[in-house]
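Participant: My structure is below; once you've seen it, I'll send some questions.
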Amino acid sequence: SHHSEALRKAREAEEAAKREAAEEAAHKLEEAARRADEATRRFDEKVKKMAEDSAQQVEEERRAREAEDATKKEAAEENARRLQESTRKAHEASREFEKTAKQVA
């Protein structure tokens, strides 16, 4: 009958609408998942870069400390050499003085 034909068409239209809505929802879900993956990837890259920068900074600080330590060590060695030298000169001067004193006496 005419009534059942109209009912069948209405049901088909409803099914098609539901299918379209489901496909649209699936599409939106895929898009959201893709964006989430992209955001996660960007975040991971940022974290990795921060870790690399931090490691680089630690390395630079370590090098600076080593250079500073080396400079201090060199300065200490230089001071020790100067001290030895002035001590040696003082001994020499003292010996010279004693020699001269003996000659005068």
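Participant: By how many nm would the segment from E66 to A80 grow when fully extended, if each residue of separation counts as 0.36 nm and the alpha-carbon distance is taken off?
Facilitator: Additional length available on full extension: 3.0 nm.
Participant: Under the 0.36 nm per residue contour assumption, what length would be gained going from the current alpha-carbon distance of A33 and K99 to full extension?
Facilitator: Net length gain for the segment: 14.0 nm.
Participant: Let me ask another. Using a 1.4 Å probe on the protein heavy atoms, what percent of the accessible area of the range 30-105 belongs to carbon and sulfur?
Facilitator: Whole-percent figure for carbon plus sulfur exposure: 55.
Participant: Computed over the Cα atoms of the chain, what is the ratio Rg over Rh, Rh following Kirkwood?
Facilitator: Details: Rg = 44.8 Å, Rh = 23.3 Å.
Rg divided by Rh gives 1.92.
Participant: May I ask which residue of A26, T87, T40 lies farthest towards the positive end of the charge dipole of the chain, with charges of +1 (Lys, Arg) and -1 (Asp, Glu) on Cβ and the Cα centre as origin?
Facilitator: Sorting the options by dipole projection puts first T87.
Participant: While we're looking at this one, here's another question. Would you check the chain for Lys pairs whose C-alpha atoms are within less than 20 Å, ignoring same-chain pairs closer than 8 in sequence, and give me the count? The partial results should precede the final answer.
Facilitator: Values: K9/K18; K18/K28; K89/K99; K89/K102.
Summing the qualifying lysine pairs gives 4.
Participant: For R42, what charge total do you get from the other residues with a beta carbon under 12 Å from its beta carbon, if Lys and Arg give +1 and Asp and Glu give -1?
Facilitator: Neighbourhood net charge equals +1.
Participant: What does the accessible area per residue of the range 43-105 come to in Å², with a 1.4 Å probe and no ligands, DNA or RNA counted?
Facilitator: Per residue, the range 43-105 has 95 Å² of solvent-accessible surface.
The values are calculated or read from the model by the stated rules, or taken from the named source; none is laboratory data. This is a predicted model, so every value here is computed, not measured. With ideal geometry, Cβ positions are generated from the backbone for all residues, glycine too; neighbour counts draw on all protein chains shown. Calculation scope for accessible area: heavy atoms of the full protein, side chains included, ligands and nucleic acids excluded. Shrake-Rupley method; radii C 1.70, N 1.55, O 1.52, S 1.80 Å.
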